[in-house]
Every structure is written in structure tokens, then in C-alpha cells.
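Chemist: Have a look at this one.
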Amino acid sequence: MLAKSTRCGKITLFYPGCINSMNNSDILQRFMFESASVRGEIVRLEESFRTIMQQHQYPPVIQRILGEMLVAASLLSASIKFKGRMTVQFQGKKQVRLLLAQSNDSLELRGLAQWQGELTQDELMADLKQGTLAIMMDPDVEGGQRYQGIVEWHGDSLAHSLENYFNRSEQVPTRLWFAINEERAAGLLIQVMPHESSQLGKGIDGQHDWEHIEHLTATVTPKELLYLDNATLLQRLYQQESIRLFPERPVIFHCQCSIARSENALRLLSEEEVEQELKEKQMIVVTCEFCNSEFQFDRVDVERIFKQGKHDSIH
């Protein structure tokens, strides 16, 4: 149940007190306009962003695009109406092989990039335009239907590409703004309520409301996104609008690697391959690509893993 609301300027806070929090670190917060069928999300990543970036020695050009994908995954996952995971993924064939950002309904975030050699911004853009960008939703329930949407690269911006996807493929008018620096990443999303988007073009008032809010939001600067607290930012952008601001939700880095997953990875290999590895190194090390955690298995471990696998297959 929502707490009793209180007024802070024209911002209605759905929790006690007129809070002007300076906590900009690792939070996502939803807001809605009282007089228009438009919702918004603001996300800021700091500790989670640095943790992901420190897992690998990413060059600045990769840090920026991966940071944008992490922000996008966080913002989009906030709209998931089921228990599951949102993935924003790029697969390429040249220098940039993989860019991946995942966030689940609990806002547990992780990301990964695979690339080769030195990379300029122009080379990155060329790779992005020739590869495949996709949005995937995976329900965390047995029998849940997986969704995948292919996003056509539009212009020179991930934000514009995602906007174009939602506007054209999903018929849900959407705008996104990203801001990334060495220490943190932030993003802002506004979107017409899905149940209202089909009527947007039929009503002058609804179309005007969306264009008005879109125009106001477009004045946001990267510095404001990165450093202003949410209530202050919304008051600056929408001085004449009445807005509901909902409680902050924490965003955390969380990797899903485990001993069990590593054991399953070994089972995908043949016993002959594993035996050869043991002869050469006496120990098999499975390294998580996301967080660099290492899981070590000796001969006794390997025998147990394959014996258990055979037992499970029989039953």
C-alpha cells in the first residue's frame, strides 16, 4: 500500500515527508503526470556501473555504449509486468562482437562487452549499424513465453534506435535520454501509457500533451541527469506540471554465476575433453565472463559431476 502522499512544490511524493534526497546512487524512480497519460522513469547507476566496468579493461568508447545499454535495460525492465529478465543485446561480426546488458524485475543488473583491438567512435558506429540489436524478455516461470524484438539501428544513437523501435514497432511513443561519464551513468525515459497510445493520434488534447511534455523533457542536460536529485530535476523540467513521484527502488549489480552453473558448463563438454584438460593442468577453471569469478574443479570434482549427470539422465 502506498504511504500517505505529501506535496513538495508541484511534486506529489508517495512516501512520508517532503524529501529532497541527495542519494543519486544506484536508484530507479517512477513518476507520472497528473493531467496527461504519460509516465516516466529516472535511473542513476554509480557503484553498480563502476563494478561492471571494473570487471574488464574496457576502453572509453566501449564503456560509454555499454553504460547506455545498462541504463536502457534498467529503464525498460521497470515496465516488466512479470517476474523475469530484460536484455538489451548487440551481436556484431567485426571488432565489436557482443554488447549485453541485463536487468530483472528486482533491478539486479549485469553487463558484458566483447571486442577486438583498438576502436574509435566511428568504427563503433559502423559496427553497430551492421550488426543485430535486440530487446529480449525472459519470464522467470516455467512455460513463460520468451519475447524478442529486433531493433533497427537509427541514426548515431542507441536512444534514437530504441525510440524508433517503440514508436514504430510497438506503437508506444517513447523518448530516452542517456548521460555517461567515467564514474556513473544515468537515464530518463518518458512514454505514453500503453493503453492510451492507440488513441494518441485520434485526440488533439492527448497529442498536444505528449508533445508538450516531450518538449520540456528535451531541455534536460547530461550534467542535470547525472547530479541532480530526482525531485529537483523534475521540478526544473516541469515547473507548471503536477507530478506523482513514487518511491526509489535500489539498483544493484548481481551476477547469476554459481558452482552449479559452472558444473553444468562442464557437462556440456565431453569426458575426453575434460580428461585432456586435467592431464595438462591438473585443474579445470571455469571463469564467469560477467564478473570474472573463478570456479576450480579437480579430478575428484569432475568424476562426481559426470557421475551425477549420468545418474540424473537415467532418472
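Chemist: Taking the Cβ of Gln102 as the center, what net charge do the other residues with Cβ under 11 Å away carry, scoring Lys and Arg +1 and Asp and Glu -1? Numbers along the way, then the final one.
Modeler: Working: positive: Arg85, Arg110; negative: Glu108, Asp138.
Residues near Gln102 contribute 0 overall.
Chemist: Between rounded, prolate and oblate, where does the chain land on the alpha carbon gyration tensor, with a ≥ b ≥ c its root eigenvalues, rounded for a/c under 1.5, else prolate if a/b exceeds b/c?
Modeler: On the way: a/c = 2.07, a/b = 1.89, b/c = 1.10.
It comes out prolate by the Cα gyration axes.
Chemist: Taking every eigenvalue of the Cα gyration tensor of the stretch 259-314, multiplying by 5 and rooting it, what semi-axes result, largest first, whole Å? Walk me through the numbers before you get to the answer.
Modeler: Numbers: eigenvalues 65, 44, 16 Å².
Whole-Å semi-axes of the equivalent ellipsoid: 18, 15, 9.
Chemist: Cα convex hull of the stretch 227-297: mean projected area in nm², to one decimal?
Modeler: Average of the hull's projected areas for the stretch 227-297 equals 8.2 nm².
Chemist: Once the other residues with Cβ under 14 Å from the Cβ of Ser74 are scored (Lys, Arg +1; Asp, Glu -1), what is the net sum?
Modeler: Values: positive: Arg30, Arg44, Arg85, Arg110, Arg184, Arg249; negative: Asp26, Glu41, Glu46, Glu47, Glu68, Asp105, Glu108, Glu248.
It works out to a net charge of -2.
Chemist: Give me the net charge of Glu142's neighbourhood, meaning all other residues with Cβ under 15 Å from the Cβ of Glu142; Lys, Arg count +1, Asp, Glu -1. Provide the component values of the computation, followed by the final result.
Modeler: Details: positive: Lys83, Arg85, Arg146; negative: Asp138, Asp140.
Charge balance near Glu142 sits at +1.
Chemist: Sticking with this one: Please report the equivalent ellipsoid semi-axes of the stretch 18-120, computed as sqrt(5 x eigenvalue) of the Cα gyration tensor, largest first, in whole Å.
Modeler: 28, 16, 12
Chemist: Please state the relative contact order of the chain as a whole percent: Cα pairs under 8 Å, 6+ residues apart?
Modeler: 23
Chemist: Just in the stretch 117-197: which GluC sites (Glu not before Pro) are loop by DSSP and have at most 12 other Cβ atoms within 10 Å?
Modeler: Glu118, Glu142, Glu152, Glu182, Glu183
Chemist: Which one of Gln256, Ser242, Gln282 is farthest out on the positive end of the charge dipole of the stretch 234-296, using unit charges on Cβ (Lys, Arg +1; Asp, Glu -1) and the Cα centre as origin?
Modeler: Ranked along the dipole, the leading option is Ser242.
Laboratory data are not the source of any read-out in this text; all were calculated from the coordinates shown. For clarity, every value in this text was computed on a predicted model and none was experimentally measured. Backbone-built Cβ (ideal geometry, glycine too); neighbour counts: all protein chains shown.
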